[in-house]
Amino acid sequence: MLGNPRQTKISKINADKIFRICATAAGVYVLAIILLMVFELFSESHQIWEHSGVSFLTGSEWNAVEGREAFGAAPYIMGTLVTAGLAMAIGVPVSIGIAMFISQAPKFISGPLSMLVDLLAAVPSIIYGLWGLFVFRDIFLNWIEYPLYETFGDDIWLFSPAPFGLDILTASVILAIMIIPTISAVSREIMAAVPQMQKEAAYMLGATKWEMFKLAIFPYAKTGLIGAAILGLGRAVGETMAVTMLIGNATGPSAFPQTLFQPGQTMSSIIANEFIEASPASLHLPALVGVGVVLLLVAIGINVIAHVLVSRMLKIKEGVINA
C-alpha cells in the first residue's frame, strides 16, 4: 500500500530544512573557530605589536635577555617561504610524474604502488625528521652537498659556506619528500577521473603517451592539480618537527636565508624551539605568539590566492574544463 503523497512531500521538505540548518551550523562553526583563533592569538601577542609595531615584521634581531629584549620575525618569515618554495620546486614535478606513471601502469604495479604512496602520506612528520637526521643527512651531505660545494662553492654564493648537513637545503628536501605522497595521491585520483574517451580520442589522433597527457588529461585536471599542489604547500608551510630537526635552528640575523648551506629557522621551528622556555612576564612569549599570528595569516593568504587562481582558471564550457 502506497503512502500519502502529501505526507511524502512534507517529509522531503522537512529533511531539506534539517539538512540546510545542519550545513549552515557547520559553516558557522568553522568560521567561529577561525575567528576565535585569530582573536586569541592577537590578544596574547598585543604586547609585542604595541612594543615593536611593524618593525617586528621587518626586524631581524632576536634577543630574549631581560632588559635587552629585541624581537624581529623577518628571518623566520623568509626561512618559511624559502624552504616551502624549494620543497614545492622539487616535490611538485616529482609528484605529478609519479601520478602519471601510476595512472598508466598495469594494475599489478599501480595497485601496490598506490598503496605505498598512500601509506607514505600517513607517516607522521616526526618519523621523517628522525630518518632525515640519522640516515638522510649523511647521505645527502656526502653525495650532494659536498660535491656542489667543491664544484660551485667558490663561484656561486648559493653553494657556500662549507655544508654540515643541518641547513636550509636539507630541510627543504625533507619537506619535498614529505609532500610528495600527498600531492601524488591527490593528483593520481584527479587524473583517474578524466573520461577514458578523451584519452582514447587522443590516441586515435596519433598522439604519443606524453601528447595524450598534454591534450587529454592536463586540460581537464589542471585545476585539480593546482589544488593538490596547494594542499602540499599548506603542509610545507606549517611543518614543524622535521624542519626543526634538520634546518640548524639559527636565530637572529644569522637565520636570514642567504645561501642553501647555512642553518636557518622557520616560523614553526622557532615556536617549537622556544615556546616552553619563554617567560610569560617578558616579551618573549608574546613575540612567539606574534610569529604564530604571522604564520596563520600566511597560511590564510596562501589559501585565498589558491582559491582565486583556481576560480580564474576554472571555466566550464559545454561540460568541459578548459583554460
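With all protein chains kept in place, the per residue accessible area of region 62-315 amounts to 48 square angstrom at a probe of 1.4 angstrom. Taking the Cα atoms of region 1-151, the ratio Rg/Rh between the radius of gyration and the Kirkwood radius comes to 1.19. Peptides 111-118, 94-101 ordered by packing proxy, namely the average of other Cβ atoms within 10 Å per residue, highest first: 94-101, 111-118. Radius of gyration (Cα atoms) of region 84-209, expressed as a multiple of 2.2 N^0.38 Å: 1.34.
With the whole protein complex present, Glu239 retains an accessible surface near 20 Å², based on a 1.4 Å probe.
Taking 0.36 nm per residue of sequence separation and removing the Cα-Cα distance, the Ala281/Leu35 pair yields an extension gain of 86.0 nm. Dividing the Cα radius of gyration of region 46-87 by 2.2 N^0.38 Å, with N the residue count, gives 1.33. Computed on protein heavy atoms with a 1.4 Å probe, the accessible areas place Tyr128, Tyr146, Tyr220, Tyr29 in the order Tyr29, Tyr146, Tyr220, Tyr128, largest first. The relative contact order of region 172-323, computed from alpha carbon pairs under 8 Å that lie at least 6 residues apart in sequence, is 23 percent.
Translational diffusion of region 161-288 was estimated from the Stokes-Einstein equation, with Rh taken as the Kirkwood radius over Cα pairs; at 4 °C and 1.567 mPa s the coefficient is 74 µm²/s. Remark: the chain carries a charge dipole of roughly 2140 debye about the Cα centre, counting +1 on each Lys and Arg Cβ and -1 on each Asp and Glu Cβ. Residues whose amide H lies under 5 Å from that of Asn249, counting only those 5 or more places away or on a different chain, are Gly264; hydrogens are built 1.01 Å from N in the peptide plane.
For the chain, lysine pairs with C-alpha atoms less than 25 angstrom apart, excluding pairs fewer than eight positions apart on the same chain, total 16.
Remark: relative contact order (the chain) = 26 percent; criterion is Cα-Cα distance under 8 angstrom and separation of 6 or more residues.
Once the C-beta distance of Asp118 and Val65 is scaled by a Förster radius of 41 Å, the resulting FRET efficiency is 0.30 to the nearest 0.05. Each residue, His307 and Cys22, gets one label point 7 Å from its Cα in the Cβ direction; the gap between the two is 2.4 nm. Highest mean first, the peptides 173-183, 228-238, 270-280, 255-265 sorted by other C-beta atoms within 10 Å per residue fall in the order 173-183, 255-265, 228-238, 270-280.
Considering every alpha-carbon pair of the chain, the percent of pairs per 20 Å bin, from zero through the bin containing the longest distance, is 25, 48, 23, 4, 0. Stretching Glu189 away from Phe101 to a fully extended chain increases their span by 30.4 nm, per 0.36 nm per residue minus the current alpha-carbon distance. Figure note: Lys222, Lys107, Lys199 ranked by solvent-accessible area, largest first, 1.4 Å probe, ligands and nucleic acids not counted: Lys107, Lys222, Lys199.
The values are calculated or read from the model by the stated rules, or taken from the named source; none is laboratory data. Treat the numbers as computed from the prediction; the structure is a model and nothing was measured. Here Cβ is always computed from backbone atoms with ideal geometry, including for glycine, and neighbour counts include all displayed protein chains. Accessible surface is based on the protein model in full, side chains and every heavy atom, while ligands, DNA and RNA are left aside. Shrake-Rupley method; radii C 1.70, N 1.55, O 1.52, S 1.80 Å.
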